[in-house]
Amino acid sequence: MTLGVLAVLGMVFTMFAGFWTDWLWYRSVNYSSVFTTTLWTKIGLFFVFGLLMALAVGFNIWLAHRMRPPLSAMSMEQQNLDRYRMGIAPYKKWLLLGITALVGLIAGASASGQWRTWLMWVNGVSFGEKDPQFKLDVSFYAFDLPWYRFLLGFGFAATILALIAAALTHYLYGGLRITSPGARATAAATGHLSVILGVFVALKAVAYWLDRYGLAVKSSDFKATDSWTGLRYVDANAYLPAKTILFCIAVICALLFFATLWRRTWQLPVIGFGLMVLSAILIGGLYPAIVQKFQVQPNEQAKEAPYVEKNLKATREAYGIDDSKVTDYPGTGQTEDKTQLRDDVTDTASIRIMDPNIVSPTFQQLQQIRNYYAFPTNLDVDRYTEDGKDQDTVIGLRELNLDGIPKRNWINDHFRYTHGYGVVAAEGTSADSGGRPKFTESDLPSKGDLGTYEQRVYYGERTTTYSIVGGPQKEIDYSDDSGEKTYSYEGDSGVSLANPVNRAAYALAFSEPQILYSGAIGEGSRILYNRTPKERVEAIAPWLTIDGDAYPAVVDGRIQWIVDAYTTTNGYPYSSRTTLGDTTADSLTATNDQRAVVAQQNQVNYIRNSVKATVDAYSGEVKLYQWDTQDPVLKTWMKAFPDTVEPKSEISDSLMAHLRYPQDLFKVQRELLTRYHVKDATTFLSGSEVWQVPDDPTNKTGDAVPPYYLSMRMPDQQEQVFSLTTTFTPNGRDNLSAFMAVNAEAGTEDYGKIRVLKLPTSTTAAGPKQIQSQFNSEQDIAESIRLLRGGDSEVEYGNLLAVPLDGGLLYVEPVYVRGGGLKYPLLRKVLVTYGGQTAFEDTLEQALDKVFGAEGSTTEPPSGEDEGTGEDEGTTPPPTSDNPTVQEALNDAQEAFEAGQEALRKNDWEAYGQAQKDLEEALRRAEEAQAAEGGGGGGPGPEASPSS
C-alpha cells in the first residue's frame, strides 16, 4: 500500500511539475494571460464535450436497461445469457459509470485539442468580402465552418457509440434476438434504436447541407495541380444540386426512422435508407462523372473559364499578390553608350559581394576569438547608416558554443558558460585587399560603428539548453589579454529557483536531480530556458506561424532579435492551397538545420505577415507588434488574447529602420506567381505562361535558388531601396522569363510592393543556370579556376545576383577560395556578365570596367585592391614614423605583406595564412605604439594594409 501511495504521489507531482513550470515560465515573460486563456479553454471543452459524450452513451445504456423485457418473456437464447447478467448485476452501476467515464475522457481529450477552432469561432471578425457562389462572408469559411464540422463529427461519434452501447444492452437483456425464432426485437428496442438511427441520418442530412458550402474550399486535382480550391463547372452544376437533393432525401429518411415510434416496424426506414444510399451513388457519384465526361471535357476552356477567373482573383487576394505590378521588359540593353551604362550601375544597385551564406567561416576564424563562441551557418543582411548613407551589412552574433568549452561538465555547461558576446558586422558591398570582410564592428568586446550597446547574448539561435544565472556561481563573461572576466546576470528574465518547490519541479522537468540539491544554486538564482527567438515567440503566440529566419539588429543600445510571424487559414474560398514546408524550402534550408523551414507541412490558402516580434538578446523580453492592421485573422486572435499584441504605432523609428520583408512569405508568393501572374482564364488554362523557380546554380543540391536581399532600383523607381529579389525561368527550360523584386524596406511608402519584369517569350535571355554554365565553360575563366584550385584549395561560388539594367540583366557572382592552411573562404574573383560580355576579375570595379569597356566616373583607385594579384608589388613605399617602435612594426608589416604576395604567386596557402597573421600582429603593435604616444587616432587600423 505504501508503494502504491508513493507511486500515485509521484505521478501526481510529475503532472504538477509540467503544469507548474509552464505557468512559471509564462508568468516570467509577462504573458500569463496566454497560458490561462489556453488552459481554461481546453478545460472547458474537455468537460463540456466529455460530459455530453458520457451523457449520450450513459443515458442510452440506462434507457435500454430500463426497456428490457420481463424475464418470463425471454427466449432460450436470452436465458442462456443469464449467467452474464448475474455476473455484472452487483457491479452494473460501477460498470455504467466506468464506461461513461472512459468515453467521456476520450471525447473530452479530443475536444480540448480544438481550442483554436473554438476561439476562432467565438471571436471571429468579418473579412468584409463575400464568396462569389453563396455570397457569404469569408469569415464563415475561415472561422465558422471548421467549428460546425467539428460539432458534426462529434455528433456522429456520439450517435455511433450510443447505438453500439444501446444495441449491446438490448441484446444482453433480451430486447434483441439473433438466433431465436420470431421477432428479432421487442417493440421498445425497435423504437429506441430507430430513434438513434434517425438522429444519425438527420446528422447526415446536416452533413450534406454543409458539404454544399464545403465545395467552395474543397481541394481538387485540376490542370496538373492538386492545390486547386473552389467550385468548378461540375461542382456548380452537378455536385451542388446533388447535395441539395441528398439533403432532402436524408431528411425524409430520418423522419421515417422517427416514425417507428408509432409504427413499430423498420420496413419503411430500411427502404428509405437503401434509397438514400443508392441516391448517393447515382446522384452524388455517377451523375457528376457523366457531366464531367460529356459536358466539360469536350469544351473545357469555355466551361471552366468563369470558375478559373474566380480562383485567380481569390488566390491573388489571399496571398497578397493582387497588387503585383507585372511590366514587360525587353531583356536586352537599349543604350549603346557603355560609359553611361558603367556609371548607371552604381546608381542602380549597391551590389553585395559579401555572401552571408559563404563568409560565416571567415567570421568564425577572424572573429571567434574563443572556441566557446560561434556564428550561425548563414549570416544575415541588414542596413546600417555609414557616413550618412545606408549600407547593406552582413551581420552575425558571437553566440555561445558549448561544444567549444575546454572541459564539459554540468557546472560549466549550465552555470559558467551562459552567454555569447557581441555583434560582428561587415560591409556587404566590399572586401579588403586580402579578400576578407571589411569589418565595421569587430573584436571582443565588439567595437566599431554600432556605438555602445548591451553586448551579452543570453538568447540566440544557438542557445538551445538551459542556464542557471544570478546565484553564487559566477559566469564567464569574456576573455581578453588580461584573462577571463566574470559576471553575474543582472536581468529579471527567467524563473527564480529560490523556492524549493520550484527547484523540485525543474529537477523533474529537466530530468536533472542536481537542480534540487546543488550548492551552486542559491539566493538570486534564476533558470533561463526556451531561449531561441523562434521558440519564445511560438510559445507566447501559439496561433502564429513563425518565419524560419530570425535576424539580429542593434536597436537603441540593445541587441534585438527580429522575428516575422504569419497568420494563416485553410478556409479562404476559391483560393488555391500551398504546403508551407515545401514552398519555403530552398538550397539554404536543405543544408542548414538552424535556418528552419517555416512551420510544418500544413496546407494554407491565406497568409499575412501580420506580426513583427522582437526578442531582447539579454533580457529575453518578447514584444509582439501588429504589422498588418487590416488582417481579420489577426484581429480575431487579438480578441481571443487581448493585450498580447501592441499596436503598430508603438514601433519606434530605430526599430522600423531594421524591419524588412520576410523571406518565407516572399518564397510563398513567388511560388504562387509562377502560375498566378496571369489574370485571364484562357492563358491560365493553356499553361503556356507557367514559370518555375530555377534551381540554385551555385551548388548541385537541385533545390530552389534562395531569394537575395540587396539595395537596388527597379526601372520605375527613382532611387535604390532595400529589396528582396528572385528570378523565374519558363517551365522545363533554363532561359530567363521574369525577374521579381519586392520593396523590403519597412517604413517606405510602397513597402511590400511586388514588381515583376516579364521578358518576351521570343527572347532567349540567359537564366541563372545558363549564366553559371557559361561561366564554367569559358576557356580563360576555366583556366583561372583551375589555378585557384591549385594544391588543396577549394573554390566556392557566392550568390548569383541579378540586377535589371537598361532593359537587360546584369549578373554578378563573387568567387571565394578556401585554400591551403586557411580554414575560411576569401573573396578572390568577381564574375560579371551583361549583354553577352563576361568578365572575371579580381574586383567588382575591374570586372565592370571590362564588361562595359569603360571606367566608371566613381571608380576608386585600384591601389589596395590588387593584393593577391602580384601587380605593383612593392611600388608603394612603406609608411614612416618618427617613433622607432612604430617604424619597426611598420617595417615588419611591409615584410609580411611581401611574403604574402610571394606565397600567392606560389599558391602556398599555408604560408599566405601565416603571412596574414604576421601582418595583423605587426599592425596591431604599430597601432598600440602610436596610441601610447598620444596619436592613436591617426594610425593604421588592424584591418589596414601598408599599401593602402
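The values are calculated or read from the model by the stated rules, or taken from the named source; none is laboratory data. Everything numeric in this text was worked out from a predicted model, so none of it was measured. Glycine gets a Cβ as well: all are built from the backbone with ideal geometry, and neighbour counts include every protein chain shown.
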>> Quick check on my filter: what residues within region 19-39 are over 14 Å from N530 (Cβ atoms) and among the small types (G, A, S)?
In response: S32, S33
> Among all residue pairs at least 6 apart or on different chains, which show Cβ distances below 6 Å where the first residue, located in region 765-790, is surrounded by 16 or more Cβ atoms within 10 Å (Cβ to Cβ) and the second is modelled with pLDDT under 85 and hydroxyl-bearing (S, T, Y)?
Replying inline: none
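Take F722 and tell me if it is under 23 Å from the mean Cα position of the chain (by Cα) and under 23 Å from Q560 (Cβ atoms). Step through it out loud before you land on a result.
Working: under 23 Å from the mean Cα position of the chain (by Cα): yes; under 23 Å from Q560 (Cβ atoms): yes.
In short, yes.
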> Looking at V195, V199, which is the one that is farther than 30 Å from N299 by Cβ, under 46 Å from the mean Cα position of the chain (by Cα) and among the β-branched types (V, I, T)?
Replying inline: V199
> Based on what the data block shows, is Q720 in contact with a Ser or Thr (Cβ under 6 Å, 6 or more places away or on another chain) and surrounded by 15 or more Cβ atoms within 10 Å (Cβ to Cβ)?
Replying inline: yes
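Picking from Y173, Y148, which residue would you name as being modelled with pLDDT of 95 or more and hydroxyl-bearing (S, T, Y)?
The unique qualifying residue is Y148.
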>> For region 108-219, give me every one of the helices (runs of 4 or more DSSP H) that falls completely inside it and has 2 or more residues that are under 20 Å from A64 (Cα atoms), of a type outside the set (A, V, I, L, M) and assigned by TED's automatic domain parsing to the domain that holds L275.
In response: 187-214
> Out of all the residues in region 727-741, which are surrounded by 22 or more Cβ atoms within 10 Å (Cβ to Cβ) and in a loop (DSSP other than H, G, I, E, B)?
Replying inline: L736, S737
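Being in a strand (DSSP E or B) and of a type in the set (A, V, I, L, M) is the filter here, so list the residues in region 450-466 that pass it. Full working, then the answer.
At the first step, the residues of region 450-466 found to be in a strand (DSSP E or B) are 456-457.
Of everything in region 450-466, just one residue is in a strand (DSSP E or B) and of a type in the set (A, V, I, L, M), namely V457.
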>> For region 628-651, give me each residue that is crowded, with 19+ Cβ neighbours inside 10 Å and basic (K, R).
In response: K635
> Can we say L724 is in contact with a Phe, Trp or Tyr (Cβ under 7 Å, 6 or more places away or on another chain), assigned to a strand (DSSP E or B), modelled with pLDDT of 90 or more and not β-branched (V, I, T)?
Replying inline: yes
> Residues S496, S482, S433: which one is outside the structural domain of L919 (by TED's automatic domain parsing) and under 21 Å from V29 (Cβ atoms)?
Replying inline: S496
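Is it the case, given these coordinates, that D680 is among the acidic types (D, E) and within 30 Å of G388 (Cβ to Cβ)? Talk me through it step by step, then tell me what you get.
Working: among the acidic types (D, E): yes; within 30 Å of G388 (Cβ to Cβ): no.
Considered against the rule, which asks whether it is among the acidic types (D, E) and within 30 Å of G388 (Cβ to Cβ), D680 comes out as no.
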>> I'd like to check something: does region 299-310 contain any residue that is assigned to a loop (DSSP other than H, G, I, E, B), at pLDDT below 90 and over 28 Å from S610 (Cβ atoms)?
In response: no
>> Restricting to region 344-364, give me the number of residues that are assigned to a loop (DSSP other than H, G, I, E, B) and polar (S, T, N, Q).
In response: 1
> Given the conditions (1) in the same structural domain as L95 (by TED's automatic domain parsing); (2) part of a helix (DSSP H, G or I), and given that L3 satisfies all but one, which numbered condition is not satisfied?
Replying inline: (1)
> Would region 53-63 turn up any residue that is among the polar types (S, T, N, Q), part of a helix (DSSP H, G or I) and within 27 Å of A165 (Cα to Cα)?
Replying inline: yes
> Of all residues in region 467-501, which are of a type outside the set (D, E) and in a strand (DSSP E or B)?
Replying inline: S467, I468, V469, I476, Y478, S479, G483, K485, T486, Y487, V495, S496
> Does any residue in region 485-512 that is more than 20 Å from W20 (Cβ to Cβ) and of a type in the set (V, I, T) come within less than 8 Å, Cβ to Cβ, of a residue that is in a strand (DSSP E or B) and modelled with pLDDT of 90 or more six or more places away or on a different chain, and which pairs are these?
Replying inline: T486/E475; T486/I476; T486/D477
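Yes or no, residue by residue, for (1) out of contact with any helix residue (DSSP H, G or I) (no Cβ under 7 Å at 6 or more places or on another chain); (2) among the hydrophobic types (A, V, I, L, M, F, W, C); (3) at pLDDT below 85:
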site: T265; (1), (2), (3): yes, no, yes
site: P269; (1), (2), (3): no, no, yes
site: I281; (1), (2), (3): yes, yes, no
site: L286; (1), (2), (3): yes, yes, no
site: V291; (1), (2), (3): no, yes, no
site: A314; (1), (2), (3): yes, yes, no
site: I321; (1), (2), (3): no, yes, no
site: K325; (1), (2), (3): yes, no, no
>> Tell me yes or no: at least one residue of region 249-263 is among the polar types (S, T, N, Q), modelled with pLDDT under 90, buried (at least 21 other Cβ atoms within 10 Å of the Cβ) and part of a helix (DSSP H, G or I).
In response: yes
> Looking only at region 510-528, which residues are crowded, with 20+ Cβ neighbours inside 10 Å and either in contact with a helix residue (DSSP H, G or I) (Cβ under 6 Å, 6 or more places away or on another chain) or closer than 21 Å to V29 by Cα (or both)?
Replying inline: I515, S525, R526, I527, L528
>> Need the failing condition index for F258 against (1) over 40 Å from the mean Cα position of the chain (by Cα); (2) without any contact (Cβ under 8 Å) to a residue 40 or more places away in the chain, just the number.
In response: (2)
>> Residues to consider are D390, D443; find the one that is over 21 Å from T486 (Cβ atoms), surrounded by fewer than 20 Cβ atoms within 10 Å (Cβ to Cβ) and in contact (Cβ under 8 Å) with a residue 60 or more places away in the chain.
In response: D390
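Can you say whether Y478 is out of contact with any Phe, Trp or Tyr (no Cβ under 6 Å at 6 or more places or on another chain), crowded, with 20+ Cβ neighbours inside 10 Å and not small (G, A, S), as far as the supplied structure shows? Write out each step before concluding.
Numbers: out of contact with any Phe, Trp or Tyr (no Cβ under 6 Å at 6 or more places or on another chain): no; crowded, with 20+ Cβ neighbours inside 10 Å: yes; not small (G, A, S): yes.
No; evaluated as a whole, the condition is false for this residue.
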